Amino acid sequence: MKRLDALGFLAGTLTTIAFLPQVIHAYRTRKTDDISMAMLVIFGSGVGVWLIYGLLIRSQPIIVANSTTLFLVLIILGIKLRGYKHPL
């Protein structure tokens, strides 16, 4: 593995792990009221675009980190949508 890829994997691991406590909390409590739906959608979209970019340039660190993070975002989004009550 190239040193540059190792650095990419380290960065991806840290940023993905940073999101993990939120996923665990939402999964355990089933409470996502404090998480903005707009943030989840925008963040998930950005992660999805990063994933596409990683696929296009064939960058394993970008692909692994962003596919994992997108999966975690989708878990929280799913929990949020299950408990979502329309304000009207």
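Given (1) among the charged types (D, E, K, R); (2) in contact with a Pro (Cβ under 6 Å, 6 or more places away or on another chain); (3) modelled with pLDDT of 95 or more, where does D5 come up short, assuming only one miss?
Just one mismatch for D5, condition (3).
Looking only at the range 25-48, how many residues end up being surrounded by 12 or more Cβ atoms within 10 Å (Cβ to Cβ), in a helix (DSSP H, G or I) and either among the aliphatic types (A, V, I, L, M) or in contact with a Gly (Cβ under 9 Å, 6 or more places away or on another chain) (or both)?
Qualifying residue count for the region: 5.
Please give the number of the condition L51 fails out of (1) surrounded by fewer than 16 Cβ atoms within 10 Å (Cβ to Cβ); (2) in a helix (DSSP H, G or I); (3) without any contact (Cβ under 8 Å) to a residue 24 or more places away in the chain.
All conditions are met except number (1).
Return the residue satisfying two criteria in turn: it lies in the range 54-70 and is of a type in the set (A, V, I, L, M, F, W, C) and under 21 Å from V23 (Cβ atoms), and of such residues it is surrounded by the most Cβ atoms within 10 Å (Cβ to Cβ).
Filtering the range 54-70 down to residues of a type in the set (A, V, I, L, M, F, W, C) leaves 55-57, 62-65, 70.
With the extra rule that they be under 21 Å from V23 (Cβ atoms), the set shrinks to 62-65, 70.
On the way: I62: 22, I63: 18, V64: 17, A65: 24, L70: 19.
So, considering only residues that are of a type in the set (A, V, I, L, M, F, W, C) and under 21 Å from V23 (Cβ atoms), the one surrounded by the most Cβ atoms within 10 Å (Cβ to Cβ) is A65.
What pairs come out if I take residues in the range 1-27 that are of a type in the set (D, E, K, R) and pair them with residues that are in a helix (DSSP H, G or I) and surrounded by 15 or more Cβ atoms within 10 Å (Cβ to Cβ) whose C-beta lies under 7 Å away, six or more apart or interchain?
Qualifying pairs under 7 Å: D5/P61.
The values are calculated or read from the model by the stated rules, or taken from the named source; none is laboratory data. Quantities reported herein were computed from a predicted structural model and do not represent experimental measurements. In this analysis, Cβ positions are derived from the backbone assuming ideal geometry, glycine residues included, and neighbour counts consider all displayed protein chains.
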